[in-house]
Amino acid sequence: MTMRASQINRTVDFLRDAFDEASKLWWRFFDWVAVVEWRQLMLTWFFVIVFLGLLHTPEPAVWYIFGSLAIKTLAGGKRKAELLAREATHKADVATLEQRLMEARMAALQAQIEPHFLFNTLALIGQLIETDPPEAARVHAHLIEYLRSTLPQMRARDNGTLGKQVELSRAYLAIMQARMKERLQVRFEVPMYLHSSPFPPMMLQTLIENAIKHGLEPKIAGGTVVVRAFVLGAILHVEVCDDGVGIDLHADEGVGLANIRERLQLLYGEQAELIVHAPLEGGACATIRLPYKMMEGA
């Protein structure tokens, strides 16, 4: 009795699985008929008639033709609209997820800005309070200006402008000049008409930090950092050069430059790039190239 019940259960399970598979196949066929073009559907009719005609079994061909014709005529339009709407929704969901992923990666990359600059500046202010209070007050004011410019840009979800990045870099360099004194000279060659051009936050400062840290600080006499911006064709070039100890083009470029490369890839794809080279006269130059726009949002 138990064996008979087990056989019945297996038979029931088999029939249930067969029904589920048949149901899946039916709905796949139904959806295919709903979205396929009329020309392609009629082409399948022709091949089915020819194939089954050769087998002398035309009845299945007739059922196939009438069945697919009924589905296409009566329910095809509605079903096709439902499928297209579902596909559009899915694509929108995927696009939203990709956008959120990109924003999360951008936030993580921007959060990699090293805190050592802030700690060193606070330590410098502490030293100057003892030796040169007026200079401590000036560095303190520069730090406030720097933080006021930096924090909103690091939290922003959209791009900044080149003018904002120049303003931020001036505040940063004012603090660095208080630390390095006459060992650090600065020159900006950025035309005013380029200040409104969109430019990603924190990239310019990262290039300047890199020039000072790897080019000028190791050099006893220090040197000069030059920030240039110009347009060639439809490409904005933003360049940071120094006359420091130079750069080893075969060495690892470090977190800062790798950060810039990844952010450029996320924001612009193949339309932007970071190029680092060693001029013949010495020092190093790093150039960001990206699509130029006259005004933000243009």
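Quick check on the stretch 195-216: of everything there that is closer than 14 Å to Lys164 by Cβ and part of a helix (DSSP H, G or I), which residue is nearest to the chain's Cα centre (by Cα)? Quick ask: steps written out before the conclusion?
At the first step, the residues of the stretch 195-216 found to be closer than 14 Å to Lys164 by Cβ are 195-205.
Now narrow it down to the ones that are part of a helix (DSSP H, G or I): 203-205.
Working: Met203: 14, Leu204: 18, Gln205: 20 Å.
The residue in question is Met203.
Hey, among Gly222, Gly246, Gly254, Gly233, which residue is free of Cβ contacts under 8 Å to residues at least 60 places away in the same chain, under 25 Å from Gln185 (Cα atoms) and under 27 Å from the mean Cα position of the chain (by Cα)? Step through it out loud before you land on a result.
On the way: Gly222 fails: under 27 Å from the mean Cα position of the chain (by Cα); Gly246 fails: under 27 Å from the mean Cα position of the chain (by Cα); Gly233 fails: under 25 Å from Gln185 (Cα atoms).
Only one candidate passes the filter, namely Gly254.
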Practice item. Please give the number of the condition Glu209 fails out of (1) crowded, with 19+ Cβ neighbours inside 10 Å; (2) touching a His at 6+ places or on another chain (Cβ under 7 Å). Key: (2)
Study note, to complete from the structure: Among residues of the stretch 1-58 being modelled with pLDDT under 70 and among the acidic types (Asp, Glu), the residue nearest to Glu87 (Cα to Cα) is Asp31
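Can you tell which of Leu232, Leu184, Leu236, Leu168 is within 25 Å of Pro279 (Cβ to Cβ) and either of a type in the set (Ser, Thr, Tyr) or crowded, with 20+ Cβ neighbours inside 10 Å (or both)?
Numbers: Leu232 fails: either of a type in the set (Ser, Thr, Tyr) or crowded, with 20+ Cβ neighbours inside 10 Å (or both); Leu184 fails: either of a type in the set (Ser, Thr, Tyr) or crowded, with 20+ Cβ neighbours inside 10 Å (or both); Leu168 fails: within 25 Å of Pro279 (Cβ to Cβ).
The match here is Leu236.
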Study note, to complete from the structure: Checked Gln185, Gln205, Gln271 against criteria (of a type in the set (S, T, N, Q) and either within 17 Å of Phe117 (Cα to Cα) or at pLDDT below 90 (or both)); the one match is Gln205
Point to revise | Leu128 vs. criteria in a helix (DSSP H, G or I), farther than 22 Å from Val240 by Cβ and at pLDDT below 65 | key: no
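The values are calculated or read from the model by the stated rules, or taken from the named source; none is laboratory data. Model, not experiment: these values are computed from the prediction. Heads up, the Cβs are rebuilt from the backbone with ideal geometry, glycines too, and the neighbour counts pull from every protein chain shown.
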